[in-house]
1. So for segment 1-154, if I pair up every lysine 8 or more residues apart or on another chain, how many of those pairs have alpha-carbons under 17 Å apart?
2. Considering only protein heavy atoms and a 1.4 Å probe, what is the carbon-and-sulfur percentage of the accessible area of the chain?
3. For segment 7-144, what number results from the quotient of the Cα radius of gyration and 2.2 N^0.38 Å?
4. Counting only heavy atoms of protein chains, what accessible area per residue, in Å², does segment 103-142 have with a probe of 1.4 Å?
5. Considering only protein heavy atoms, what per residue accessible area in square angstrom results for segment 1-75 with a 1.4 angstrom probe?
Amino acid sequence: MIDKPIETVMRESHRDILIPADLVATVNQDNDLQHVFMVLTKVKYAKIPVLDNDNHFMGLVSLPMITELMMQDTGITSRPLESVKVKQIMQKDVPTIYERDNLEAVLRYLVDENFLVYVDSENHFKGIITRRELFKEINYLAHNFNKHYIALPVYNHKSKNETKHAKIQGSKGLINR
Ligand code: AMP
């Protein structure tokens, strides 16, 4: 669990870490790969969401997924891209989040991934939470924590080593101002 004071200060920033759906580059699952290739090249994002006609989140597509199809024995060709739809190659097993305030889950997921897809309870695509936006929150926390709390180091009566560690950490023993 995230320590309460940490969560409190992060929420205090009142910044929205969600990039709303209308600002996110997406493709339709029935688009052919030539179109998707052009979109990905244009927007310069490594991976983008794939939706259906009703705005349901269906998966993710990246440039390497497409370029793999372009590599033939005879060289690189874009010919196969015209006849393949993105739904045939997209990544489908993608975790999503529908409680956007679940900071714990967001933090854990973004350790390994660049962004997290936010959906409603019916799997409608609502936006993404990116590492960059989360880092801005952490930056806010790092610079504003002592406006809200005084952090005191925890001393215990165990080994010298552990005490030293506690001094360095100094993250417990918080007094709300
Ligand atoms: P960032 O943390 O801003 O570097 O974004 C991480 C990843 O999220 C990018 O590599 C993209 O895959 C995705 N992403 C960020 N912003 C957008 C956007 N506006 N539209 C589509 N994908 C995005």
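1. Details: Lys4/Lys147; Lys47/Lys85; Lys47/Lys87; Lys47/Lys92; Lys47/Lys126.
Count of close lysine pairs: 5.
2. Details: 6050 of 11580 Å².
C and S fraction of accessible area: 52 percent.
3. Working: Rg = 17.0 Å, N = 138, 2.2 N^0.38 = 14.3 Å.
Normalised by 2.2 N^0.38 Å, the Cα Rg of segment 7-144 equals 1.19.
4. With the other protein chains kept in place, segment 103-142 gives 55 Å² per residue.
5. Values: 4450 Å² over 75 residues.
I get 59 Å² per residue for segment 1-75.
The values are calculated or read from the model by the stated rules, or taken from the named source; none is laboratory data. For clarity, every value in this text was computed on a predicted model and none was experimentally measured. Surface accessibility is based on the protein's heavy atoms, side chains included, excluding ligands, DNA and RNA. Shrake-Rupley method; radii C 1.70, N 1.55, O 1.52, S 1.80 Å.
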